[in-house]
């Protein structure tokens with residue numbers, strides 16, 4: 001690190017975000033045929049908590065002839081300093097300018113991080129749009145969960161990776177290495193790379209528009225899938241950050257995909273087919289992780305950890321092993337319908353987190369959240385009895401068919417919990433209620449639904465604020481305006497690239513942080529670009545081709561439509577299992593439960 | 001009790017004290033040290049350090065105190081498990097926690113400095129000018145008299161011995177004063193090179209003191 005760069009870092013908040021040098025970080029001085037930098041479109045503490053980034057970083061560094069470094073979105077103070085100086089945004093490992101890499105790969109997990117990508121490109125002194133960049137600049141690529149609908153970002157990237165990076169990113173980097181050796185141009189390389197499953201080159205496969213609507217695609221891109229999760233790469237010598245990060249713990253990934261089929265949930269349909277790791281593999285990985293990191297907390301992560309079949313067996317193995325016995329286990333995404341495993345030692349019980357998502361049974365049936373009133377009651381009663389100090393509940397507002405009664409029922413659930421707590425003489429038992437705004441996301445049965453109007457959302461939030469003025473109950477809610485932008489960015493097409501750039505230039509950045517969300521910048525960008533925002537936020541026509549249909553995600557449109565029909569009838573669909581297939585179509589990408 | 005001397009240099013100087021403490025604890029865990037834990041609802045590792053180093057400052061002479069028996073090749077194992085910029089150099093075994101914080105008297109520092117006016121430097125050393133320190137964004141003047149034991153310039157380097165512990169004087173305050181009055185300081189922060197303790201009125205290097213009190217115990 002140069003003295004000048006150190007001086008700059010000392011003038012900003014939390015300089016260790018930018019300093020690198022963590023335990024298990026890659027040795028960037030190594031000779032390399034390909035130098036890649038993984039860029040994360042959010043702060044260090046968010047990005048370092050991301051399991052996908054962890055996997056890809058270590059996977060690439062183990063690849064022969066490849067060195068992979070990291071870069072995160074600088075916080076506003078650092079961004080300001082970089083803008084005002086001649087210093088460009090640098091990587092963490094070797095403090096190299098981002099322009100000095102072969103490949104710059106963005107991991108994008110949230111629509112409201114799109115402007116952060118542009119901030120990073122600008123601070124790296126890289127032109128924002130692909131068309132403005134020649135072969136002197138690195139290959140700029142993207143991947144991550146937002147690639148469900150890559151179209152809004154189409155103008156910024158050379159190519160985009162759809163699906164599991166363990167497969168397609170590895171192949172892409174390998175191909176790049178060979179092509180670089182023979183001095184192939186960027187354009188030639190991209191034409192060749194487009195043949196890899198999961199590689200989408202937006203300028204090669206632009207949709208055909210007729211009267212402002214998509215008429216056809218010249219080619220569709222098949223999502224890349226790691227077929228056998230048990231044999232898929234997972235790092236156990238991971239970076240241990242020097243500062244505290246959001247999820248500061250070791251993580252093992254139990255399963256990818258979710259069989260529950262909640263109709264609002266994008267991850268559930270995007271990550272199909274359902275794949276699991278064996279308890280034996282996970283136990284070995286967990287032990288290695290704890291030994292190699294020194295963490296005292298281990299997260300058993302998946303979209304629905306309670307549904308992992310071998311959970312009791314894994315938990316008991318972890319609790320009886322010398323290395324992992326002292327480690328605190330955390331289980332995200334538990335379902336209210338499942339028994340809570342005995343995890344913590346007595347005296348260490350904290351709070352539990354559940355997501356009933358909707359207040360009434362009727363609405364829970366509409367969204368296919370397969371839990372009943374009775375299951376909610378018994379689980380929460382059990383938690384109070386066992387001595388938990390509180391519970392956090394997550395709900396959504398603005399769901400299809402939602403009425404005021406559904407919203408008011410959220411408060412009824414809270415009252416009931418307080419009654420259970422009082423019966424157990426636990427008056428200090430606290431309840432935290434959080435409501436987000438329903439976003440009709442692509443690749444869900446609700447992808448055609450309208451986004452609730454701002455007035456409606458705020459009215460319901462205010463109603464709940466009134467109803468939840470109860471002792472030891474805290475209520476928090478998501479901002480209605482940023483949710484609308486999230487829907488726009490999630491469902492938009494290529495014309496959104498222009499809106500994103502205009503919004504960024506008007507001052508929008510770090511939109512996912514409520515204190516930074518710039519409503520006016522977005523309003524200006526939308527009106528200047530002339531897009532039909534109300535159309536995009538309203539109900540979409542089932543007959544029209546949606547921009548994200550350019551991706552072959554496995555799950556078919558027919559299946560989503562069928563599920564939408566069932567939702568309106570208030571009928572539920574049972575979770576899929578090894579013996580009962582819902583025929584969603586994802587099976588063709590590799591087969592659910594393959595390798596088990 | 002093991003006392004380990006370690007350095008915190010380069011990028012590690014940007015790690016805050018609280019983060020550094022966590023890093024040392026995790027390093028000890030990774031090294032497989034059998035460290036004692038406190039007893040209670042939230043057991044924590046019995047590992048502590050000498051006084052916090054200001055953010056940005058580098059040091060060759062930090063000390064950590066670990067409640068554990070001596071173990072084979074402890075230094076090597078610890079070094080294999082610490083992040084870049086942290087490096088253990090010596091280890092002592094003592095019966096109990098040595099009072100090196102309570103007895104702390106002076107620290108040695110060195111900083112890069114291009115030019116300096118020798119006469120004014122002497123005046124600064126004599127405490128003729130007050131130093132400016134910043135606390136919670138507010139600047140205060142503080143009298144430096146008797147708190148600068150040594151202030152010398154030689155071949156592009158400034159050598160300082162400043163009061164540490166009670167009534168201490170931070171090196172950045174002195175560097176700032178030198179910048180203002182008589183020199184061109186290059187370093188953004190200083191490098192701490194030695195700590196001294198007051199043993200019965202005598203100033204002794206902390207290393208020598210630790211050597212003295214662990215006499216009779218097994219040398220490591």
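Quick check on the range A:499-519. Is at least one of its residues surrounded by fewer than 15 Cβ atoms within 10 Å (Cβ to Cβ) and under 21 Å from residue A:447 (Cα atoms)? Looking through the range A:499-519, none of the residues is surrounded by fewer than 15 Cβ atoms within 10 Å (Cβ to Cβ) and under 21 Å from residue A:447 (Cα atoms).
Scanning the range B:69-83 for residues that are more than 14 Å from every other protein chain (Cβ to nearest Cβ) and in contact with a helix residue (DSSP H, G or I) (Cβ under 8 Å, 6 or more places away or on another chain) returns a single hit, B:71.
Would you pick out the residues in the range A:456-469 that are in contact (Cβ under 8 Å) with a residue 40 or more places away in the chain and surrounded by fewer than 23 Cβ atoms within 10 Å (Cβ to Cβ)? Correct list: A:456, A:461, A:463, A:464, A:467, A:468. Close contacts from the range B:178-194, counting a first residue that is within 12 Å of another protein chain (Cβ to nearest Cβ) and a second that is outside any strand (DSSP E or B) and buried (at least 16 other Cβ atoms within 10 Å of the Cβ), with Cβ to Cβ under 7 Å and a gap of 6+ residues or different chains, come to B:185/B:175; B:185/B:178; B:188/A:6; B:188/B:56; B:189/B:13; B:189/B:56; B:189/B:57; B:189/B:172. Taken over the range B:108-136, the criterion of being under 18 Å from residue B:189 (Cα atoms) and under 25 Å from the mean Cα position of the chain (by Cα) is satisfied by B:108, B:109, B:110, B:111, B:112, B:113, B:114, B:131, B:132, B:133, B:134, B:135. Candidates in the range A:236-264 are the residues that are surrounded by fewer than 23 Cβ atoms within 10 Å (Cβ to Cβ) and out of contact with any helix residue (DSSP H, G or I) (no Cβ under 8 Å at 6 or more places or on another chain); of these, the one that is nearest to the other protein chains (Cβ to nearest Cβ) is A:248. Annotation: of all residues in the range A:225-235 being farther than 30 Å from residue B:16 by Cβ and in contact with a helix residue (DSSP H, G or I) (Cβ under 7 Å, 6 or more places away or on another chain), the one that is surrounded by the fewest Cβ atoms within 10 Å (Cβ to Cβ) is A:233.
Looking at the structure I just gave you, is residue A:323 within 14 Å of chain B (Cβ to nearest Cβ) and touching a helix residue (DSSP H, G or I) at 6+ places or on another chain (Cβ under 6 Å)?
Criteria met by residue A:323.
Inspect all residues belonging to the range B:113-120 and state whether any of them is within 14 Å of another protein chain (Cβ to nearest Cβ) and farther than 30 Å from residue B:47 by Cβ. Yes, some residue in the range B:113-120 is within 14 Å of another protein chain (Cβ to nearest Cβ) and farther than 30 Å from residue B:47 by Cβ.
Here residue A:176 meets each of (1) outside any loop (DSSP other than H, G, I, E, B); (2) in contact with a helix residue (DSSP H, G or I) (Cβ under 6 Å, 6 or more places away or on another chain) with one exception, condition (2). Scanning the range A:120-143 for residues that are within 21 Å of residue A:495 (Cα to Cα), touching a helix residue (DSSP H, G or I) at 6+ places or on another chain (Cβ under 7 Å) and part of a loop (DSSP other than H, G, I, E, B) yields one hit, A:128. Mind listing just one residue for me: the one in the range B:26-57 that is without any contact (Cβ under 8 Å) to a residue 60 or more places away in the chain, under 19 Å from the mean Cα position of the chain (by Cα) and surrounded by fewer than 20 Cβ atoms within 10 Å (Cβ to Cβ) and, of those, farthest from the other protein chains (Cβ to nearest Cβ)? Once the filter is applied, the top-ranked residue is B:48. Of all residues in the range B:16-43, those satisfying the criterion of being in a loop (DSSP other than H, G, I, E, B) and in contact with a helix residue (DSSP H, G or I) (Cβ under 8 Å, 6 or more places away or on another chain) are B:16, B:31, B:32, B:33, B:35.
Highlighted here are the helices (runs of 4 or more DSSP H) found entirely within the range A:470-538 that include at least 1 residues which are farther than 25 Å from residue A:217 by Cα and in contact (Cβ under 8 Å) with a residue 24 or more places away in the chain: A:480-491, A:495-505, A:519-529.
Among the candidates A:158, A:197, single out the residue that is surrounded by fewer than 23 Cβ atoms within 10 Å (Cβ to Cβ) and modelled with pLDDT of 95 or more.
A:158
Restrict the check to the range B:130-145 and report whether at least one residue is out of contact with any strand residue (DSSP E or B) (no Cβ under 6 Å at 6 or more places or on another chain), buried (at least 17 other Cβ atoms within 10 Å of the Cβ) and either away from chain A (no Cβ under 14 Å) or over 27 Å from residue A:7 (Cβ atoms) (or both). No, that holds for no residue. Tallying residues that are loosely packed, with under 12 Cβ neighbours inside 10 Å and closer than 13 Å to residue A:367 by Cβ within the range A:550-565 yields 0.
How many residues does the range A:46-99 contain that are without any contact (Cβ under 8 Å) to a residue 40 or more places away in the chain, under 30 Å from residue A:515 (Cβ atoms) and not in a helix (DSSP H, G or I)? Looking only at that region, the number is 5.
For the range A:398-419, state whether one or more residues are in a strand (DSSP E or B) and under 27 Å from residue A:145 (Cβ atoms). No. Restricting A:32, A:39 to residues that are away from chain B (no Cβ under 12 Å) and not in a loop (DSSP other than H, G, I, E, B) narrows the list to A:39. Applying the selection to the range A:566-586, what residues are surrounded by 19 or more Cβ atoms within 10 Å (Cβ to Cβ) and modelled with pLDDT under 85? Hit for the range A:566-586 is A:582, nothing else.
The values are calculated or read from the model by the stated rules, or taken from the named source; none is laboratory data. Keep in mind that what you see is a predicted model, and the values were worked out from it rather than measured. Ideal geometry is used to build each Cβ from the backbone, glycine not excepted, and the neighbour counts take in all protein chains shown.
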